[in-house]
Amino acid sequence: MKTYWDTSAAINAAVSTEVWNRLDSGEHIARLHLLAEFFATMTGRGVEILDQSGKPDRMIFNQQDCAAWLRRFSERVQFEELTKAELLQGLDKAQELGVQGSRVYDYWHALVSAKANVDELLTRNTRHFEGLAENVAWP
C-alpha cells in the first residue's frame, strides 16, 4: 500500500501509537512542506488531546523534541514535490475544481498524491479534499 500523509495525519501519528504504526509497512509519501507546518503547529498552539484521566489537554513540543520527532518520521517517508510546470498546470484547473483561497494548500497535497500514484491520502481534514481526491482516508 502506498500512502500519502498530509500534516494533520502526521500530527495524528505524534499523538497515536496506532497511527504511527501505520508507517511500519508499505510506502509512504509526503511533501517537504509537512515538516515546516508540523513544526509550526506542534511548537506553537499544539493539538488538543485527552490526558490519562480523559480530561482535555494540549500536546506541545519544544523545538528540540519536535525536530527529533520529524527526523524519525522523515526516515520512514519519501518526499515528493511538483515541478513548477506541474503546479502551474494544476492551477490552470483551479477554477473548474472550486479551488480558491487557502483551499489551494489541500489541492497541492492532492496534486502531489496523484503524481505519486498513491493508494490513499491520509488526512484528518477529509472534507477539505472533496472534489480534489477520491482516495482520502482518516488516519
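The values are calculated or read from the model by the stated rules, or taken from the named source; none is laboratory data. Bear in mind the structure is a predicted one, so any value in this text is a computation, not a measurement. Backbone-built Cβ (ideal geometry, glycine too); neighbour counts: all protein chains shown. Areas reflect the complete protein model, heavy atoms only, side chains present, ligands, DNA and RNA absent. Shrake-Rupley method; radii C 1.70, N 1.55, O 1.52, S 1.80 Å.
Side notes on the structure shown:
- Of all the listed residues (Ala67, Ala30), the sole one being among the small types (Gly, Ala, Ser) and under 16 Å from Asp6 (Cβ atoms) is Ala30.
- Leu132 buried (at least 20 other Cβ atoms within 10 Å of the Cβ) and under 14 Å from the mean Cα position of the chain (by Cα): no
- Selected residue [under 18 Å from Trp108 (Cα atoms) and open to solvent by less than 30 Å² (accessible area, probe 1.4 Å)] from His28, His33: His28
- Test: residue in the stretch 106-117 that is modelled with pLDDT of 95 or more, assigned to a strand (DSSP E or B) and over 18 Å from Ala36 (Cβ atoms): no
- Here the condition is being within 12 Å of the chain's Cα centre (by Cα) and in contact (Cβ under 8 Å) with a residue 40 or more places away in the chain; of Asn125, Asn117, it holds for Asn125 alone.
- Residue in the stretch 34-54 that is modelled with pLDDT of 95 or more, hydrophobic (A, V, I, L, M, F, W, C) and closer than 20 Å to Lys2 by Cα present: yes
- When the residues of the stretch 86-105 are filtered to those that are assigned to a helix (DSSP H, G or I) and of a type in the set (A, V, I, L, M, F, W, C), the one that is nearest to Val15 (Cα to Cα) is Val104.
- Residue, nearest to the chain's Cα centre (by Cα), within the stretch 61-103, restricted to residues that are of a type in the set (Val, Ile, Thr) and either at positive phi or surrounded by 14 or more Cβ atoms within 10 Å (Cβ to Cβ) (or both): Val77
- Residues satisfying the criterion are present in the stretch 33-51 (criterion: among the basic types (Lys, Arg) and more than 18 Å from Glu120 (Cβ to Cβ)).
- Pairs with Cβ under 8 Å, 6+ apart, first in the stretch 79-100 and under 24 Å from Trp5 (Cβ atoms) and in contact (Cβ under 8 Å) with a residue 40 or more places away in the chain, second among the charged types (D, E, K, R) and surrounded by 13 or more Cβ atoms within 10 Å (Cβ to Cβ): Phe79/Arg31; Glu80/Arg31; Glu80/Lys115; Glu81/Arg31
- Subset of the stretch 1-25 [of a type outside the set (S, T, N, Q) and either more than 19 Å from Val118 (Cα to Cα) or surrounded by fewer than 14 Cβ atoms within 10 Å (Cβ to Cβ) (or both)]: Met1, Ile11, Ala14, Val15, Glu18, Asp24
- Check on Met59, in contact (Cβ under 8 Å) with a residue 60 or more places away in the chain and either more than 27 Å from Asp119 (Cα to Cα) or not basic (Lys, Arg) (or both): no
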